[in-house]
């Protein structure tokens, strides 16, 4: 059996913004529901983001920043 996997970007894919204003981001409900159905049927969902690639000094700094933001509701 093959592993089923989808890789998806977060920014302006799973959530939409105006002028990159993440505090007021709106979820892409249709896509989130599709991802949930895929996950429920055995797919692995990998979510990627490039956020922090410019504003952070190291990859570790970017990862720590994103984990903190996601844990606190962006």
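On the basis of being in a loop (DSSP other than H, G, I, E, B) and modelled with pLDDT of 90 or more, does residue 52 make the cut?
On the way: in a loop (DSSP other than H, G, I, E, B): yes; modelled with pLDDT of 90 or more: no.
No; evaluated as a whole, the condition is false for this residue.
Going through region 1-49 one residue at a time, which ones are at pLDDT below 90, in a loop (DSSP other than H, G, I, E, B) and loosely packed, with under 10 Cβ neighbours inside 10 Å?
1, 2, 3, 18, 19, 20, 21
Give the number of residues within region 9-27 that are in contact with a strand residue (DSSP E or B) (Cβ under 6 Å, 6 or more places away or on another chain) and under 16 Å from residue 49 (Cβ atoms).
Quick first cut of region 9-27, residues in contact with a strand residue (DSSP E or B) (Cβ under 6 Å, 6 or more places away or on another chain) only: 9-10, 15-16, 25-27.
Now drop any that are not under 16 Å from residue 49 (Cβ atoms), which leaves 9-10, 15-16, 25, 27.
Residues that pass the stated criteria total 6.
The values are calculated or read from the model by the stated rules, or taken from the named source; none is laboratory data. The shown structure was predicted, so the numbers you read here are calculated from the model rather than taken from an experiment. Neighbour counts are summed over all protein chains in view; Cβ atoms, including those assigned to glycine, are modelled from backbone coordinates with ideal geometry.
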